[in-house]
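Input: a single structure, listed below in structure tokens.
The values are calculated or read from the model by the stated rules, or taken from the named source; none is laboratory data. None of the values given here were measured: they were computed from a predicted structure. Here the Cβ is made from the backbone with ideal geometry for all residues, glycine too, and neighbour counts use every protein chain on show. The area values use the complete protein model at the heavy-atom level, side chains included, leaving out ligands, DNA and RNA. Shrake-Rupley method; radii C 1.70, N 1.55, O 1.52, S 1.80 Å.
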Amino acid sequence: MREDTIQLPGAAVAPDPPRNQAPQRGDLTQELLETDWWSDDAVARAGIPVVDVPFVSVGGGIGSFVTVDYLRICGVPTSAIKVLTQLEHPWESYEYLTRVSQIPRKERLRSDSASCPDNIWGFPSYAVREAMATKSIKPLWHVLMEPIFTDYWTPKAGQAFESMEKEYHRIAYPETVVKGQVRMVRRRIGGGYFTILTPPEGAAPTRRIAYRSRYVHLAVGYPGLKFLPDLQEYRETHRDYGSVVNAYEPHEQIYQRLHAAPGTVLVRGGGIVASRVLQRLIDDRDARGLQTQILHSFRTFVTGSHGPNIWMRRRGGDGWAYQGFNYPKSVWGGQLKARVRKLEGQARADLYGQFGGTNTPWRRNWQRQMRRGRREQWYHPFQGEISSLAPGPKGMVNVTLTTPQGPRQFQVIAVIDCTGLEADIREHRVFADLLDHGGAGRNVLGRLDVERSFEMRGTRSEPGRMYASGSATNGGYFPGVDTFLGLQIAAQEIADDLTKLGFCAPLGPLRSTSQWWKWARGKRI
Amino acid sequence: MLPTLNGRIQTRIFLLVVVGGIWTLLITPVLPVDLPLADRYRVTFIVLLTVLVFGIVWEFIYHFIQQFRWEKDWPTLFGLVTAVNEGALVWVLLELGVVPGISSPVPLGAYLLQFLTTWIVVWLVANGPMRVPFIHWRFRGGRLI
């Protein structure tokens, strides 16, 4: 793992054997490393044991989980699926990221009521289930009134994790899991793929195990979350990792310092994470009577509604671009989904540009907090970019910002960077290998190029197929990939494609209804 | 909901014919109308058909209004409150006696009972249970075919 990358759950990357050293038995050979297509003989010569299984999913996070859920509901037995993962359970990474970015289990996600990773039908939705569990019509009233008279109703993180855990056991997901780190996927002469797994130290007699499968699915999550270079430079030069932080790493120490003594913090960014961090700072301020001063810098300061024409105008103001979810809602099923599906090349990239960009939901409680902060002059939003960071006295940080009014200097106790910089797909070793040896290519946004079916273009090894879902495929024919519902939409496309290939049963009205009934009764499949 | 124009029209036809049809079959005998059962069914099904035909015209208008929304969505509440304009239009047409096949006046109470209960049943089905048999439906803008 590079130093500028935020560490997520899962072990660090296992190294390859040194080039000048003869590989140990059961390890990758130079012949294998250098060949795009592998024969069964070449793998046997390396002494790597081979496990045959029809379907392999790499990653083991929520992307693998919803895909396996779909396949299980379409009648695929657990013996036909292997999920290769380093995670303890599918929601481990996601829960980590939400928790550190101030969404513990009792707080609400930014996700629609009918986006349920534990339920491919989205019915009953989270709001209906919360209403039943709490014997209250409040959640139902809320979804009825959203987004006109109330904010979008969103589920508590805990509800999402607990319901996923239930489904995880219902579909016997643990039976499919194999622990280890995937090193690469290569096409097989004769069809299908070899997926090379490095099992945990001491868990297997050989260093590698090859999974020989007709189908491969890649859902490895973020290729990497990176610190912005200015932040990283300060941290490395001054060995200060505690006061200049990214919101996606644990940073509880900053809130604790503010509890101990009054101080000023600089928050950077205009997305949902910035909203969450502000809420935490203001909640603490209110609950403990703190005197925290909050500086908030936006690179692009949005002053009002914006967009190319009257048909495409997004709400904004006070620095923020407002949107209920991370894309306009209809990318998950309506007009925009249908529109992007038909677009190629630059036209697609342009549309992504229009509805993309950093944004956050307009929520009444956040609006009230910020209004109060501006009025009482402890919350100061402005347009600016950090031009330098330097250590100040008593553990403070001196920050210089470039603003339209000229340079401004502040002394703060902490900088909380809420801008996410997703690493290039090449930074993930499996993707790098696929770009170099697997025939994979990039889409208009530089991510993995996938078909409408989520098959990775250029990687076909007849009769096999390789699919990818999740954030690595952003920029394709379907925009909302990196979300609960987006992962389920990808899973549906993949299952539909596999149905055509005869791997699983079609999910027509009868099967769908009978399977839903099993789900509703919690019947194991 | 996240409808496309095509999806709106398909969903409208399917739900009114199947769900609305079944509901009309069930509710007609209990409506406060002084007519033989066969005539009642004739009137209630003509009312249902009128709602369906004008509903398709309404869908074009809703689709146009939807274009002003950044999210290009159609909030759940809109699906409920459009009962007001649609119900009022059909009532006016009934009062004017321009609906073919219905010559005698329709009692307002019976009309409201039929129209509103059908509307609510269809709206409830559209907002959840519809996804159970038709798992692709919500991701295709409401298209069934």
Counting only residues in segment A:138-176 that are more than 14 Å from chain B (Cβ to nearest Cβ) and more than 30 Å from A:Pro77 (Cβ to Cβ), the one surrounded by the fewest Cβ atoms within 10 Å (Cβ to Cβ) is identified as A:Lys138
Does any residue of segment A:386-408 turn out to be within 14 Å of chain B (Cβ to nearest Cβ), touching a residue at least 24 places away in the same chain (Cβ under 8 Å) and crowded, with 17+ Cβ neighbours inside 10 Å?
no
Pull up segment A:308-341, narrow it to residues that are open to solvent by 50 Å² or more (accessible area, probe 1.4 Å) and in contact (Cβ under 8 Å) with a residue 24 or more places away in the chain, then point me to the one that is nearest to the other protein chains (Cβ to nearest Cβ).
A:Arg315
Hey, can you tell me all the residues within segment A:445-454 that are crowded, with 18+ Cβ neighbours inside 10 Å and among the hydrophobic types (A, V, I, L, M, F, W, C)?
A:Leu448, A:Val450, A:Phe454
Give me the strands (runs of 3 or more DSSP E) completely within segment A:16-87, filtered to those with at least 1 residues that are open to solvent by 50 Å² or more (accessible area, probe 1.4 Å), ordered by residue number.
A:50-52
Answer yes if at least one residue in segment A:292-307 is open to solvent by less than 20 Å² (accessible area, probe 1.4 Å) and out of contact with any strand residue (DSSP E or B) (no Cβ under 6 Å at 6 or more places or on another chain), and no otherwise.
yes
Count - residues of segment A:471-497 that are more than 12 Å from every other protein chain (Cβ to nearest Cβ) and either free of Cβ contacts under 8 Å to residues at least 24 places away in the same chain or under 10 Å from A:Phe454 (Cα atoms) (or both)
6
Mind checking whether some residue in segment A:449-472 is in contact with a Lys or Arg (Cβ under 9 Å, 6 or more places away or on another chain) and closer than 23 Å to A:His251 by Cβ?
yes
From (1) within 14 Å of chain A (Cβ to nearest Cβ); (2) more than 13 Å from the chain's Cα centre (by Cα), pick out the condition that doesn't hold for B:Gly109.
(1)
What number of residues within segment B:50-75 are more than 14 Å from chain A (Cβ to nearest Cβ) and buried (at least 18 other Cβ atoms within 10 Å of the Cβ)?
3
Looking at segment A:178-194, can you tell me whether even one residue there is among the aromatic types (Phe, Trp, Tyr), farther than 23 Å from A:Met466 by Cα and touching a helix residue (DSSP H, G or I) at 6+ places or on another chain (Cβ under 9 Å)?
no
Would you mind telling me which numbered condition in (1) away from chain B (no Cβ under 14 Å); (2) within 30 Å of A:Gly324 (Cα to Cα) A:Ser453 fails?
(1)
Among the candidates B:Phe78, B:Phe115, B:Phe134, residue that is more than 26 Å from B:Ile46 (Cα to Cα) and either open to solvent by 50 Å² or more (accessible area, probe 1.4 Å) or not basic (Lys, Arg) (or both)
B:Phe134
When you scan segment A:432-449, do you find a residue that is of a type in the set (Lys, Arg) and farther than 28 Å from A:Ile272 by Cα, even just one?
no
Tell me, please, whether a residue that is open to solvent by 40 Å² or more (accessible area, probe 1.4 Å) and either among the polar types (S, T, N, Q) or over 23 Å from B:His136 (Cβ atoms) (or both) can be found in segment A:473-496.
no
Which members of segment A:498-521 meet the condition of being away from chain B (no Cβ under 12 Å), aliphatic (A, V, I, L, M) and not in a helix (DSSP H, G or I)?
A:Leu501, A:Ala505
Mind listing whichever residues of segment A:489-525 are closer than 16 Å to B:Arg138 by Cβ and among the aromatic types (Phe, Trp, Tyr)?
A:Trp516
Looking at segment A:409-444 only, could you name the residues that are surrounded by fewer than 16 Cβ atoms within 10 Å (Cβ to Cβ), assigned to a loop (DSSP other than H, G, I, E, B) and touching a residue at least 60 places away in the same chain (Cβ under 8 Å)?
A:Asp424
The correct count of residues that are of a type in the set (A, V, I, L, M, F, W, C) and free of Cβ contacts under 8 Å to residues at least 60 places away in the same chain in segment A:152-187 is 1
Just give me the residues in segment B:76-106 being touching a residue at least 24 places away in the same chain (Cβ under 8 Å) and within 14 Å of chain A (Cβ to nearest Cβ), in sequence order.
B:Thr76, B:Gly79, B:Leu80, B:Thr82, B:Ala83
Scanning segment A:497-517 residue by residue, those surrounded by fewer than 19 Cβ atoms within 10 Å (Cβ to Cβ) and either of a type in the set (Ser, Thr, Tyr) or not assigned by TED's automatic domain parsing to the domain that holds A:Arg465 (or both) turn out to be A:Thr499, A:Thr513, A:Ser514
Only residues that are touching a residue at least 60 places away in the same chain (Cβ under 8 Å), under 15 Å from A:Val412 (Cβ atoms) and open to solvent by 10 Å² or more (accessible area, probe 1.4 Å): list them for segment A:243-260, please.
A:Arg257
Would you confirm whether or not segment A:231-244 contains a residue that is within 26 Å of the chain's Cα centre (by Cα) and closer than 30 Å to A:Met456 by Cα?
no
For the subset of segment A:352-366 comprising residues that are more than 12 Å from chain B (Cβ to nearest Cβ) and either in contact with a strand residue (DSSP E or B) (Cβ under 6 Å, 6 or more places away or on another chain) or closer than 25 Å to A:Gly441 by Cα (or both), which member is surrounded by the fewest Cβ atoms within 10 Å (Cβ to Cβ)?
A:Gly353
For A:Phe149, the lone unmet condition from (1) without any contact (Cβ under 8 Å) to a residue 40 or more places away in the chain; (2) under 28 Å from A:Thr513 (Cα atoms); (3) not assigned by TED's automatic domain parsing to the domain that holds A:Arg465 is (2)
For segment B:118-130, name all the residues that are open to solvent by 30 Å² or more (accessible area, probe 1.4 Å), facing another protein chain (nearest Cβ under 10 Å) and assigned to a helix (DSSP H, G or I).
B:Pro129
Look at A:Trp91 and say whether it is among the aromatic types (Phe, Trp, Tyr) and more than 19 Å from the chain's Cα centre (by Cα).
no
